[in-house]
Amino acid sequence: MEKTIQIGNIDVRLNNNIGWAIDYRDQFGSDIIPTLLPMVAAALDLIKGLLEEAGDTENLQWQDILKTLDGDTLLDAVVHLGGLEFTDFINITWAMAKCADDSIPEPRTWVKQFDSFPVDVIAPAVFQLVFSGVVSSKNLKRLKEI
């Protein structure tokens, strides 16, 4: 899935095709799983809370939950991730952008084009892409049992 976000006044295409994980590993020399696991765990806790609040979740779809994750909610989840660094977030965003557009330069050059990198604005799109790419909708039902 591909999504275009705006960072400052620059449109940035992001792609959650699994190729972004290869781009990440090739660029940063490590696999994304150790970074993603705490993020997924925090998101599962967050989603569990949303499911409990929603009550009747029989017909709830994974995409519906992802749409409810706004910047503040995701930022709260990220703040609780002691191991996630700001550069991890930039690196994930870069890898998804690189997957969408192979002409993107290396991260240091790429990130210098932005006047700012507002996590509260960028996080919802990036995390929605990450989670929709690594957690199956089938597992949504399992979340109800957690």
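Bear in mind that the values in this text are calculations on the coordinates, not laboratory data. It should be emphasised that the depicted structure is a prediction, and the values quoted were computed from it without experimental measurement. Cβ atoms come from the backbone with ideal geometry, glycine included; neighbour counts cover every protein chain shown.
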Sorted by average packing, counted as other Cβ atoms within 10 angstrom per residue and highest first, what order do 111-124, 10-23 take?
-> 10-23, 111-124
Full extension between residue 37 and residue 10 adds, at 0.36 nm per residue less the Cα distance, a length in nm of 6.7 nm
